[in-house]
Each structure stands twice: as C-alpha cells, then as structure tokens.
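The values are calculated or read from the model by the stated rules, or taken from the named source; none is laboratory data. Predicted model, so just to flag it, every value in this text is computed and none were measured. Ideal geometry is used to build each Cβ from the backbone, glycine not excepted, and the neighbour counts take in all protein chains shown. Quick note on the areas: whole protein, heavy atoms, side chains included, nothing else; ligands and nucleic acids left out. Shrake-Rupley method; radii C 1.70, N 1.55, O 1.52, S 1.80 Å.
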Amino acid sequence: MLKHELRKKYKSLRANLTSSQVSDLSMDLTNHVLQIPVWDFFYFHIFLTIEENKEIDTLPLITLLQGKDKHVVIPKTQKNYTLENFLLTDSTVIKKNKWGIPEPVDGIPIPETKIDVVFVPLLAFDLQGNRVGYGKGFYDTFLRKCRDETIKIGLSLFGPEKEYITDVHDNDVQLNYCITPEKIYAF
C-alpha cells in the first residue's frame, strides 16, 4: 500500500476511537515496553501526545521512564523540518506549536548522538519495520542523525499492515521494534 492511502486509513481509524479507548490502549502499550531490552540505557527520546489526533498517550510511558531514573528527552520542531531535543525537567515549559504539537519552549539541549532509545510516533507500520508518519520527514531526518546503534521503537495503537508499504524511500529509517497494545514486533 502507498503511504498516502495508509495515512488516510489510520487517521480515520484513530478518529473512531474514544478518549477512554485511547487511554486504555496506551496503558496496555506502556506495559509492553517493560519487555523490551532497553533498561540499561540512559537517554530516551519520546514525543508528546497530540490529543486532538487521538495519538498514543505518552504520559504513562514518560512516568515509567522517570520512575526508572532515565533521562527523558523531548523534541521541538524547527522551521527546516528538523527536531531539536531537550531534557524534560520539572521546570520545562510546554507550549503547542502551529501544528498543535506540545513541545518545550527551551531547556537543556541534548545532541542526537547522546540518545540511546527513540520512541517514534507513527500512523502505520508494516512487518518489515517500515513506518508511515504524517509525511513531513521530521523523524526520518532526526533518526539519520542518531548513532547507528540507537534503538528505534515505534508506538502504534493498531497492528501492522499485512501488505508492505510500497513507496519506501532511501531516506526512510526502519524501526527496530514496534509496540502495539497487543504485541511487540521485532525487526
């Protein structure tokens, strides 16, 4: 399937979920994260939820990471479709940008090369570890700047597409894992 078809399909599937369903599915997904072998690492990048888009609620996962004394790193979009990353602290001020994405106003910058694990937002994924995001390229650009050994974990409210994503580009970065409320997929 083509990315634009998958974007339309999964935006529609998300739109049909209730807030309660998103919350329950997000909690199930967070519990699966405990089974991934990442707990010896220190710097974890995670996106903040766009509630209006019925995205996974990442707050339970952020709470889990902080409870395990991990450094939580959150992104801020830049005009050139890149991400700047900041350490999440008690004094971090969060504001929504023009796309409705909650992000830090400023803070302690963390270079991509320091990040060990990235929780990647997505709309859909396939069984080869390819993902479909919103189409702006923020995360593919960011992930190419990370170290090769950085672990990339997609978070999805839905299972994989049975058909492969047919319009994968050379610039698309594959996932190492994708976690759904039902299962963990390793690639």
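General remarks:
- The set of residues in segment 56-70 that are in contact (Cβ under 8 Å) with a residue 40 or more places away in the chain and part of a loop (DSSP other than H, G, I, E, B) comprises 56, 58.
- Of all residues in segment 103-144, those satisfying the criterion of being within 23 Å of residue 79 (Cβ to Cβ), in a strand (DSSP E or B) and under 15 Å from the mean Cα position of the chain (by Cα) are 103, 118, 120, 121.
- Selection of first residues in segment 137-150 that are without any contact (Cβ under 8 Å) to a residue 60 or more places away in the chain and of a type in the set (Lys, Arg) and of second residues that are surrounded by fewer than 14 Cβ atoms within 10 Å (Cβ to Cβ) and part of a helix (DSSP H, G or I), restricted to Cβ pairs under 7 Å at least 6 apart or on distinct chains, gives the following pairs, ordered by first then second residue: 147/113.
- Candidates are the residues of segment 96-108 that are in contact with a Leu (Cβ under 8 Å, 6 or more places away or on another chain) and open to solvent by 30 Å² or more (accessible area, probe 1.4 Å); the one that is farthest from residue 53 (Cα to Cα) is 108.
- Looking across segment 1-36, just one residue is in contact with a strand residue (DSSP E or B) (Cβ under 9 Å, 6 or more places away or on another chain), under 30 Å from residue 114 (Cα atoms) and open to solvent by 80 Å² or more (accessible area, probe 1.4 Å), and that is 35.
- Any hit, segment 162-185, residues being surrounded by fewer than 20 Cβ atoms within 10 Å (Cβ to Cβ), without any contact (Cβ under 8 Å) to a residue 40 or more places away in the chain and under 21 Å from residue 28 (Cβ atoms): no
- Across segment 77-95, the number of residues qualifying as within 19 Å of residue 137 (Cα to Cα), open to solvent by 60 Å² or more (accessible area, probe 1.4 Å) and not in a loop (DSSP other than H, G, I, E, B) comes to 1.
- Of all the criteria given as (1) part of a loop (DSSP other than H, G, I, E, B); (2) farther than 21 Å from residue 142 by Cβ, the one not satisfied by residue 100 is (2).
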